[in-house]
Amino acid sequence: MYRIVYVLLLSSLLSCEEKNDDSTRSSNTNPVAVIESLDESFHTIIHDTARVEIIAEGFKWSEGPLWLDTYGVLLFSDIPDNTIYRWSEQGGKQVYLKPSGYTEAARRGGETGSNGLLLDSNDRLVLCQHGNRQIALMDAPLDDPKPNFKALAANYQGKKFNSPNDAVLRSNGDIFFTDPPYGLEKNMEDPLKEIPFQGVYKVTPAGKVSLLLDSITRPNGIAITRDEQSLIVANSDDKKKIWYAYDFGPNDSLINPRIFYDATSDSAKGSPDGLKIDRNGNVFATGPGGVWIFNSDGLALGRIKFPESTSNVALSGDEKTLFITADMYVLRVKMR
């Protein structure tokens with residue numbers, strides 16, 4: 001038995017939005033979110049009366065949210081605009097870095113900007129760059145960003161990646177990342193596609209790139225469990241809307257493959273995309289219809305449903321706020 005609660009998406013911080021001339025607002029009427037509880041334990045995470053707030057809007061496709069706890073700032077990508085924005089309670093929405101994912105002189109179409117963002121073990125910004133087709137380090141301080149990039153992983157066995165999409169850091173400094181074709185101008189049919197599969201990779205701090213998986217049709221979001229024993233990978237294929245789980249074996253081989261959750265039968269807008277795992281092992285994953293919340297065993301506890309496709313999530317440092325990128329919006333939900 002479950003309960004659903006309809007919540008008006010509230011535009012917050014109007015003075016900041018007016019200051020930043022948020023004139024690209026899509027409509028005068030805010031959409032409606034649905035908080036859907038599928039298990040009683042959901043209410044220990046998100047209350048029925050939780051507010052779903054629009055904190056920034058007017059983007060082409062928002063992605064890759066990253067909370068910088070030291071600065072009280074949220075970074076996120078607008079992929080088609082080749083820009084990273086920053087948002088804070090005090091300053092609202094501001095451009096943080098442009099260009100963010102494509103720095104070549106030749107003009108090209110497609111989704112060229114940065115996608116997933118993370119901090120490395122030295123608190124430096126790491127970007128999944130669609131246009132440059134690499135995992136890159138921003139060679140500048142976080143509080144003084146510049147479009148100076150150093151490639152951490154640019155190819156596999158001499159062949160350029162498709163378009164690195166999302167990444168996660170392990171405590172030893174290894175970065176695990178996915179490489180679907182979405183950043184290529186013609187996707188799977190692009191003549192510049194050099195690798196015939198869509199891979200899941202690891203790059204070490206020394207720069208060694210290893211292929212871990214080549215069997216997932218559209219690997220997208222990726223996360224490591226808190227005990228660092230397992231990896232979860234989202235497949236954004238409409239025909240296989242599945243989150244897969246694997247355990248780490250010898251030399252980081254992936255063993256014990258299994259389905260974490262299969263949402264293929266769900267016809268709601270969107271497919272499995274970005275995800276994050278909190279300190280209790282709960283998985284916050286964007287997918288069909290909005291943001292799904294699972295426990296560590298893959299039991300669906302509930303959803304925050306949106307009329308727009310959701311792409312990714314981030315947690316605040318105290319894990320009491322969930323940030324969500326959803327098409328032209330960035331939203332937040334205060335949790336328990």
Working out 0.36 nm times the residue gap between His43 and Gln229, then minus their Cα-Cα distance, what length gain in nm do you get to one decimal? 64.2 nm
Arranged by the count of other C-beta atoms within 10 angstrom, fewest first, what order do Ser171, Ser114 take? Ser171, Ser114
Order by neighbour count: Arg170, Arg303, fewest other Cβ atoms within 10 Å first, most last. Arg170, Arg303
Return the FRET efficiency for the residue pair Thr264, Lys208: r is the Cβ-Cβ distance, R0 is 41 Å, and the value is rounded to the nearest 0.05. 0.70
How big is the dipole moment of the chain about its Cα centre under a simple scheme where the beta carbon of each Lys and Arg is +1, that of each Asp and Glu is -1, and everything else is neutral? Debye, nearest 20, please. 360
Assuming a viscosity of 1.002 mPa s and a temperature of 20 °C, what translational diffusion coefficient in µm² per second does Stokes-Einstein assign to the chain, Rh being the Kirkwood radius over Cα pairs? 108
Environment charge of Asn282, counting only residues whose C-beta is closer than 11 Å and scoring Lys/Arg +1, Asp/Glu -1: 0
Here, Arg336 and Ile255, labelled 7 Å along Cα→Cβ, have an inter-label distance in nm of 3.7
Please list 40-50, 121-131 highest first by mean number of surrounding beta-carbon atoms within 10 Å per residue. 121-131, 40-50
Pick out which of Asp179, Asp214, Asp69 has the largest mean-square fluctuation in a Gaussian network model of the chain, springs linking Cα atoms closer than 10 Å. Asp69
What ranking of Trp87, Trp292 emerges when the number of other C-beta atoms within 10 Å of each C-beta is taken as an exposure proxy, fewest first? Trp87, Trp292
In the structure shown, of Lys193/Lys239; Lys93/Lys269; Lys160/Lys202; Lys98/Lys150; Lys241/Lys269; Lys276/Lys334, the pairs separated by more than 18 angstrom at the C-alpha atoms are Lys193/Lys239; Lys93/Lys269
Once phi for every residue in the range 45-58 is put through the Karplus expression 6.51 cos²θ - 1.76 cosθ + 1.60 (θ = phi - 60°), the whole-Hz ³J(HN,Hα) values, with Gly and Pro written as x, are 10, 10, 7, 4, 8, 4, 8, 9, 10, 7, 9, 7, 7, x
Between Val34 and Arg108, 0.36 nm times their residue separation minus their Cα-Cα distance comes to what? 22.8 nm
State the extension gain, in nm to one decimal, for the chain segment bounded by Asn295 and Lys239, taking 0.36 nm per residue of separation less the distance between their alpha-carbons. 17.7 nm
Residue-count net charge about Trp61 - beta-carbon cut-off 10 Å; Lys, Arg +1, Asp, Glu -1: -4
With x for Gly and Pro, the residue-by-residue ³J(HN,Hα) of the range 62-71, computed from phi through the Karplus equation 6.51 cos²θ - 1.76 cosθ + 1.60 at θ = phi - 60° and given in whole Hz, is 7, 7, x, x, 9, 8, 9, 5, 4, 9
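A short reminder: the numbers here are calculations on the coordinates, not readings from a lab. Note that this is a predicted model, so its numbers are computed, not measured. Positions of Cβ are generated from backbone atoms using ideal geometry, with glycine treated the same way; all protein chains shown enter the neighbour counts.
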